[in-house]
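Inspection log for the structure reproduced underneath, given as structure tokens.
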Protein chains: 2
Amino acid sequence: MSGPSRAPTLADVATAAGVSLSTASLAFSGNKPVSAATRERVVAAAAALGYSGPNPLARNLRQGRSGVVGIAVGQLSTAFRDPAALAMLDAISEVLGASGLGLLLMSDDDDHARLPLDAVIYDICGRETWAAYDDLVARDVPLVVVEGPAWPGATHIDIDHRSGSAALAAHLHDLGHRRVGTVTLAASHPQREREAGLREVFPEATVVGACDSDVAAAQALVTGWFARSGDATAIVCQSDVQAAGVVLEARRRGIRVPEDLSVAGFDGVATPWLDLELTTVVQPLAGKGRTTAEAALARIRGTAVDDVVLPVELRIGDSTGPA
Amino acid sequence: MSGPSRAPTLADVATAAGVSLSTASLAFSGNKPVSAATRERVVAAAAALGYSGPNPLARNLRQGRSGVVGIAVGQLSTAFRDPAALAMLDAISEVLGASGLGLLLMSDDDDHARLPLDAVIYDICGRETWAAYDDLVARDVPLVVVEGPAWPGATHIDIDHRSGSAALAAHLHDLGHRRVGTVTLAASHPQREREAGLREVFPEATVVGACDSDVAAAQALVTGWFARSGDATAIVCQSDVQAAGVVLEARRRGIRVPEDLSVAGFDGVATPWLDLELTTVVQPLAGKGRTTAEAALARIRGTAVDDVVLPVELRIGDSTGPA
DNA sequence: CGTTTCGATCGAATCGATTCGATGCTACCT
DNA sequence: AGGTAGCATCGAATCGATTCGATCGAAACG
């Protein structure tokens with residue numbers, strides 16, 4: 001009887017403890033009261049058999065939930081290079097974890113059709129990512145879309161891109177800037193909103209180009225712009241990381257910030273390796289993550305959830321100055 | 001019949017298609033040949049009923065696998081602040097994804113006992129993280145430990161911390177350095193190995209202090225050291241991110257790198273926002289991730305896996321120079 | 001023409017729990 | 001003493017598939 005026999009099941013434990021299967025289950029789950037004596041016998045039997053608790057797979061099937069929430073983030077390699085994304089992920093994980101749910105990373109290339117997910121969070125991500133969308137809808141998986149376009153059946157969490165961007169533009173206008181350039185992200189819902197906000201103040205703003213939220217990418221992008229014309233007194237970026245890239249590249253060319261050029265970011269993350277504080281639009285990253293996770297929790301419970309748009313706030317730093 | 005009745009099951013599809021449950025299952029899984037005509041009927045019936053494929057929870061129970069691999073990373077907020085960690089995560093995700101497995105983030109504070117995991121990867125992480133270890137062993141979950149201490153039953157993937165560190169130290173010694181300081185990580189297996197490597201060459205090296213792999217943390221750490229004594233001609237860090245912090249803080253104080261102070265890192269990640277190339281120990285981050293993921297896959301299959309120690313390589317940059 | 005082989009299909013067992021409804025018992029109330 | 005709660009326990013149904021072994025025909029072979 002010491003052979004490598006199969007792992008003990010709850011039924012084995014129940015038998016050993018001299019109780020019924022259902023009672024043993026109750027002893028573990030605590031879903032209904034069980035006398036202390038009985039629970040003790042069950043626990044003792046479990047310990048004796050080396051039973052390590054109810055099989056999660058079986059429980060999941062019975063309860064129809066997996067305890068796992070997916071988060072679609074496009075390409076992992078780029079998604080978390082920006083600390084803003086990390087801050088949000090952290091908050092999501094914290095809230096879900098507190099409810100005993102796990103967070104599963106869904107990369108674009110992977111096939112998640114075979115994974116049991118209780119809900120899926122779409123963090124801002126490219127077109128390709130939406131490929132799985134229809135499948136998830138068909139499977140009736142609750143969806144929470146962060147900073148994405150409106151999708152039927154999904155709960156949307158967003159920030160006020162447009163007015164944040166407009167407030168920043170107004171600040172630059174107040175400083176006397178008239179020729180403004182902007183570094184954009186790939187075409188996306190937030191990008192369009194932000195550009196609209198910018199153009200409320202500067203209809204003629206020039207697009208320097210688009211790149212990922214990455215220091216090196218931004219540097220590479222603006223190097224050509226600086227060389228060619230650089231005909232702008234201020235550059236508005238879509239993330240602090242991009243802005244940092246622009247500042248560094250400007251410095252490298254002897255362009256002083258903010259004396260010769262004002263640079264603004266977005267997000268409000270820490271950039272300790274810049275010796276100035278960026279003027280930026282601060283978004284509540286942790287709050288966004290918490291709100292997102294709570295929306296997912298509510299959807300899992302079956303509660304109706306309203307869409308949310310979180311406010312942002314202009315923070316004036318040392319990277320912008322008079323034109 | 002248009003009520004919000006329960007979702008259709010494979011049994012419903014089978015009935016509608018006029019085949020047995022088992023045949024319908026075969027039609028979807030392809031585990032055994034099914035005539036084209038039959039498959040077509042089943043697919044048609046599924047489409048008609050709005051059946052979205054076999055329930056993953058049920059399949060998981062039957063097959064005894066969940067298709068999910070956990071990765072324990074300590075605190076999310078700090079774990080991925082270093083691009084080295086991200087590079088590895090990316091590689092892991094890619095390999096697992098190619099096998100249809102999902103990657104679930106396990107933060108320290110969460111209780112993952114109720115989650116069905118096919119395997120768990122322990123990326124270098126603090127003591128607390130090991131709390132769940134015993135439970136996982138009891139549940140017979142295959143474990144892969146990356147850069148961690150030896151644990152019975154786990155597969156270990158590591159890099160050659162010691163000789164990498166020693167090679168770097170030798171390089172500094174060749175340059176004439178004799179008084180060397182080191183910025184360390186929290187006490188851990190790799191930290192101990194690296195310090196041992198350093199002391200092979202500089203037995204007397206002073207420990208400046210320990211901090212996370214984070215630019216701001218490193219800056220904060222060395223600022224006191226510089227103010228007090230700074231009695232060293234070279235500082236060896238345990239990550240490129242730390243090294244960047246040291247370089248930036250030195251600059252801020254007018255200390256030139258490498259003329260007045262040599263600084264070395266570890267990892268070999270890109271630091272585009274530094275205008276010099278760090279001397280560092282390059283470790284195969286993607287390779288480490290792939291190896292780790294493949295070890296996990298093998299363990300899931302039940303294959304025996306040998307521990308692996310990957311080689312590292314010294315890369316000499318512009319951040320070190322003659323003493 | 002009888003026999004073997006092989007592919008397609010089916011029925012039934014199985015994965016390991018949770019949970020509903022029923023039952024027995026004790027204790028309390030009048 | 002009779003009636004009624006209420007708690008602890010149990011048996012059986014259920015979650016939704018996968019998979020083993022058996023069956024049935026038709027094709028291939030001697």
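Quickly run through segment B:158-187 and pick out the residues that are under 19 Å from B:Met88 (Cα atoms) and surrounded by fewer than 19 Cβ atoms within 10 Å (Cβ to Cβ). If the condition is that a residue be under 19 Å from B:Met88 (Cα atoms) and surrounded by fewer than 19 Cβ atoms within 10 Å (Cβ to Cβ), then B:Asp160 is the only one that fits.
Taken together, A:Val146, A:Val180 contain a single residue that is more than 8 Å from chain B (Cβ to nearest Cβ) and free of Cβ contacts under 8 Å to residues at least 60 places away in the same chain, which is A:Val180. Looking only at segment B:182-203, which residues are over 21 Å from B:Glu313 (Cα atoms) and modelled with pLDDT of 95 or more? Hit for segment B:182-203 is B:Pro203, nothing else. Tell me, yes or no, whether segment B:252-269 has at least one residue that is out of contact with any Pro (no Cβ under 8 Å at 6 or more places or on another chain), over 25 Å from B:Ala167 (Cβ atoms) and among the β-branched types (Val, Ile, Thr). Yes: segment B:252-269 contains one or more residues that are out of contact with any Pro (no Cβ under 8 Å at 6 or more places or on another chain), over 25 Å from B:Ala167 (Cβ atoms) and among the β-branched types (Val, Ile, Thr). Of the residues making up segment B:262-287, just one is β-branched (Val, Ile, Thr) and modelled with pLDDT under 95, namely B:Thr271. Is there a residue in segment B:12-27 that is modelled with pLDDT under 95, within 29 Å of A:Gln63 (Cα to Cα) and surrounded by fewer than 21 Cβ atoms within 10 Å (Cβ to Cβ)? Checked segment B:12-27: no residue is modelled with pLDDT under 95, within 29 Å of A:Gln63 (Cα to Cα) and surrounded by fewer than 21 Cβ atoms within 10 Å (Cβ to Cβ). Here B:Ala216 fulfils each of the conditions (1) touching a Pro at 6+ places or on another chain (Cβ under 6 Å); (2) closer than 29 Å to B:Ile157 by Cβ; (3) of a type in the set (A, V, I, L, M) apart from (2). Looking across segment B:1-29, the residues that are within 12 Å of DNA strand C (Cβ to nearest atom), in contact with a Lys or Arg (Cβ under 9 Å, 6 or more places away or on another chain) and not in a helix (DSSP H, G or I) come down to B:Gly18, B:Val19. May I ask you to list the residues in segment A:30-51 that are crowded, with 19+ Cβ neighbours inside 10 Å, within 11 Å of DNA strand C (Cβ to nearest atom) and of a type outside the set (A, V, I, L, M, F, W, C)? Selection gives A:Tyr51 alone. Scanning segment A:186-218 for residues that are farther than 29 Å from A:Trp151 by Cβ and not in a helix (DSSP H, G or I) yields A:Phe202, A:Pro203, A:Glu204, A:Ala205, A:Thr206, A:Val208.
From the list B:Gly67, B:Gly18, B:Gly30, which residue is touching a strand residue (DSSP E or B) at 6+ places or on another chain (Cβ under 8 Å) and of a type outside the set (S, T, N, Q)?
Numbers: B:Gly18 fails: touching a strand residue (DSSP E or B) at 6+ places or on another chain (Cβ under 8 Å); B:Gly30 fails: touching a strand residue (DSSP E or B) at 6+ places or on another chain (Cβ under 8 Å).
Selected residue: B:Gly67, the only one of B:Gly67, B:Gly18, B:Gly30 that is touching a strand residue (DSSP E or B) at 6+ places or on another chain (Cβ under 8 Å) and of a type outside the set (S, T, N, Q).
Going by the structure shown, is A:Ser66 away from DNA strand D (no atom under 13 Å from the Cβ), surrounded by 19 or more Cβ atoms within 10 Å (Cβ to Cβ) and of a type in the set (Ser, Thr, Tyr)? No; evaluated as a whole, the condition is false for this residue.
Restricting attention to segment B:16-52 and to residues that are more than 10 Å from DNA strand D (Cβ to nearest atom) and in contact with a Leu (Cβ under 7 Å, 6 or more places away or on another chain), the residue that is farthest from A:Asp134 (Cα to Cα) turns out to be B:Val34.
Going through segment B:206-218 one residue at a time, which ones are among the aliphatic types (A, V, I, L, M) and surrounded by 21 or more Cβ atoms within 10 Å (Cβ to Cβ)? Outline the logic, then answer.
The first filter runs over segment B:206-218 and keeps only residues among the aliphatic types (A, V, I, L, M), leaving B:207-208, B:210, B:215-218.
Scanning segment B:206-218 gives B:Val208, B:Val215, B:Ala218.
The values are calculated or read from the model by the stated rules, or taken from the named source; none is laboratory data. Bear in mind that the values here come from a model prediction, so they are computed numbers and not experimental data. With ideal geometry, Cβ positions are generated from the backbone for all residues, glycine too; neighbour counts draw on all protein chains shown.
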